[in-house]
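One structure is given here, and the rest of the page talks about it.
The values are calculated or read from the model by the stated rules, or taken from the named source; none is laboratory data. This structure is a prediction, so every number in the text was calculated from the model and none was measured. Note: ideal-geometry Cβ built from the backbone for every residue, glycine included; neighbour counts use all protein chains shown.
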Amino acid sequence: MSLSVEHVLIVGAGLAGLRTAEELRRAGYEGRVTLIGAEEHAPYDRPPLSKQFIRGEIDDTALRPAEFFEEKGIDLRLGVTATGVDTAARRVRLDDGAEIGYDRLVIATGLRPRRIPSFPDVRGVHVLRSHDDAAGLREHLGSARRAVIIGAGFIGCELAASFRAQGVETVLVEPQPTPLYAALGERIGELVARMHREEGVDVRCGAGVSELLTADDTVRGVRLTDGTEIDADLVVVGVGSTPVTEWLADSGIDLLDPADGGGIRTDATGRTATPDVWAAGDVAAWLLDDGRTKRVEHWTNAGEQAQLLVAAMLGAEAPAAVRVPYVWSDQYDTKIQVLGVPALADDVQIVEDKGRKFLAHLFRAGTLVAVVGAGMTGKVMKMRGQLAEAAQPVS
């Protein structure tokens with residue numbers, strides 16, 4: 001199979017970019033495929049970075065061996081950052097001054113971690129998104145005595161579990177009422193907080209960090225918004241991420257307002273309103289099955305989007321199945337799994353609570369919209385069909 005075009009350029013060599021390149025070849029596209037990435041590392045898996053990698057259990061998280069790209073005829077260019085795009089001329093500008101043309105452009109530039117602007121640039125303060133971030137954090141973790149993690153989302157909670165596994169005293173600070181409050185709500189967040197406290201994590205909710213305490217250009221602790229001071233020689237800022245879209249500012253490509261989560265606005269197959277421009281992965285705000293336009297930062301989402309995007313780009317028939325969002329998080333010896341969209345729920349029912357194992361069903365106006373479980377893999381996954389049947393546009 002071939003397109004009436006010769007070259008598909010994919011900007012962003014993370015999971016979504018790789019999956020799109022793979023899917024093009026799998027679908028029979030024989031034209032040029034170029035995959036460019038800002039990092040020096042070939043496409044790698046991010047979930048292990050906060051777990052096995054920083055604990056020193058693995059060193060390599062590459063998704064494909066180097067020879068894969070030559071075998072598939074994928075031109076992989078690393079250490080190259082896109083700085084702009086001329087959509088009329090179909091050319092992307094690069095930070096080395098070069099330009100590269102395209103017939104179809106897929107943007108998969110992902111996210112960058114938010115930093116706290118008021119914090120000084122001192123030793124001992126980390127963020128976690130990239131392989132290099134994780135390598136720096138792993139090196140520091142080996143000598144750390146006490147850590148403060150700012151933000152108790154999935155990454156913050158996973159890091160807390162990894163730090164405790166390494167014997168590091170850990171304080172988890174979250175301004176919301178519970179860990180994972182934004183993702184899972186307060187009732188389930190309380191169960192997660194209980195698990196971390198049982199493992200010795202000092203969970204401080206309802207307070208933020210107002211100031212870094214430093215000495216000799218090195219962090220020595222934090223001051224909370226309630227005035228409490230906490231000693232620490234390692235601080236991780238985990239307060240979310242923002243889409244990498246600033247290079248598109250003058251392109252005319254439709255970007256979602258940051259107040260609505262930001263990202264590149266697309267239809268339900270990743271196609272933007274700009275001819276021959278598509279978007280996938282964490283940077284892409286797709287039109288979802290429930291009628292919302294939203295970015296979905298899930299690992300499984302990248303592969304699902306690649307299948308739909310490539311099918312649409314090649315003019316093939318895409319599977320007409322309702323997609324059920326799925327995300328998981330490994331914390332200590334427990335796998336937390338989420339099916340569906342917990343944010344839609346107006347009623348949470350804890351079906352089982354066995355300490356480290358629990359199961360919750362979440363409803364909206366009596367309709368099941370999500371299932372969350374910890375250590376309940378079978379019981380969570382068997383609900384996928386029911387969630388798919390219940391899925392419908394939500395106003």
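Just checking, which of T367, T334 is among the polar types (S, T, N, Q) and within 22 Å of R46 (Cα to Cα)?
Only one candidate qualifies: T334.
Looking at (1) at positive phi; (2) in contact with a helix residue (DSSP H, G or I) (Cβ under 9 Å, 6 or more places away or on another chain), which is the only condition L49 fails?
Result: L49 passes all but (1).
Of all residues in region 70-89, which are among the β-branched types (V, I, T) and in a loop (DSSP other than H, G, I, E, B)?
V80, T81, T87
Considering each of V236, V192 in turn, give the residue that is in contact with a Pro (Cβ under 9 Å, 6 or more places away or on another chain) and not in a loop (DSSP other than H, G, I, E, B).
On inspection, the qualifying residue turns out to be V192.
Can you tell me which of G240, G261, G252 is surrounded by fewer than 19 Cβ atoms within 10 Å (Cβ to Cβ) and either outside the structural domain of E22 (by TED's automatic domain parsing) or within 30 Å of R145 (Cβ to Cβ) (or both)?
It is G240.
Being in contact (Cβ under 8 Å) with a residue 24 or more places away in the chain and within 27 Å of the chain's Cα centre (by Cα) is the filter; apply it to region 83-101 and report the residue that is nearest to G31 (Cα to Cα).
Taking the candidates together, the pick is V92.
Could you check V92 against (1) in a loop (DSSP other than H, G, I, E, B); (2) crowded, with 19+ Cβ neighbours inside 10 Å and say which number it fails?
(1)
Conditions: (1) free of Cβ contacts under 8 Å to residues at least 60 places away in the same chain; (2) more than 30 Å from A316 (Cα to Cα). I54 meets all but one. Number of the miss?
Of (1) free of Cβ contacts under 8 Å to residues at least 60 places away in the same chain; (2) more than 30 Å from A316 (Cα to Cα), only one is false for I54: (1).
Residue by residue, here is whether (1) out of contact with any strand residue (DSSP E or B) (no Cβ under 9 Å at 6 or more places or on another chain); (2) at pLDDT below 95; (3) not aliphatic (A, V, I, L, M) holds:
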{"residue": "L213", "(1), (2), (3)": "no, no, no"}
{"residue": "T218", "(1), (2), (3)": "no, no, yes"}
{"residue": "G221", "(1), (2), (3)": "no, no, yes"}
{"residue": "L224", "(1), (2), (3)": "no, no, no"}
{"residue": "I230", "(1), (2), (3)": "no, no, no"}
{"residue": "V237", "(1), (2), (3)": "no, no, no"}
{"residue": "P243", "(1), (2), (3)": "no, no, yes"}
{"residue": "E246", "(1), (2), (3)": "yes, no, yes"}
{"residue": "A249", "(1), (2), (3)": "no, yes, no"}
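Residues of region 157-189 being within 18 Å of Q337 (Cα to Cα), β-branched (V, I, T) and touching an Asp or Glu at 6+ places or on another chain (Cβ under 9 Å), which ones?
T178
Please count how many residues of region 31-59 are under 28 Å from V8 (Cβ atoms) and in a loop (DSSP other than H, G, I, E, B). Before the answer, list the steps.
Our first condition is that a residue be under 28 Å from V8 (Cβ atoms); within region 31-59, this holds for 31-47.
Pick out the ones that are also in a loop (DSSP other than H, G, I, E, B) and you get 31, 38-43, 45-46.
Result for region 31-59: 9.
Let's see how each residue does on (1) touching a residue at least 60 places away in the same chain (Cβ under 8 Å); (2) farther than 23 Å from L368 by Cα:
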position: G291; (1), (2): yes, no
position: K294; (1), (2): no, no
position: A306; (1), (2): yes, yes
position: M313; (1), (2): yes, yes
position: E317; (1), (2): no, yes
position: V324; (1), (2): yes, no
position: I336; (1), (2): yes, no
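Of the conditions (1) within 19 Å of L18 (Cα to Cα); (2) among the acidic types (D, E); (3) over 21 Å from the mean Cα position of the chain (by Cα); (4) not in a helix (DSSP H, G or I), E67 clears all except one; give me its number.
The single condition E67 does not satisfy is (4).
Among the residues of region 213-233, what is the count of those that are within 24 Å of Y181 (Cβ to Cβ) and assigned to a strand (DSSP E or B)?
4
Only strands (runs of 3 or more DSSP E) wholly contained in region 291-395 count here; list those with 1 or more residues that are closer than 30 Å to R129 by Cα and hydroxyl-bearing (S, T, Y).
293-295, 326-331, 334-340
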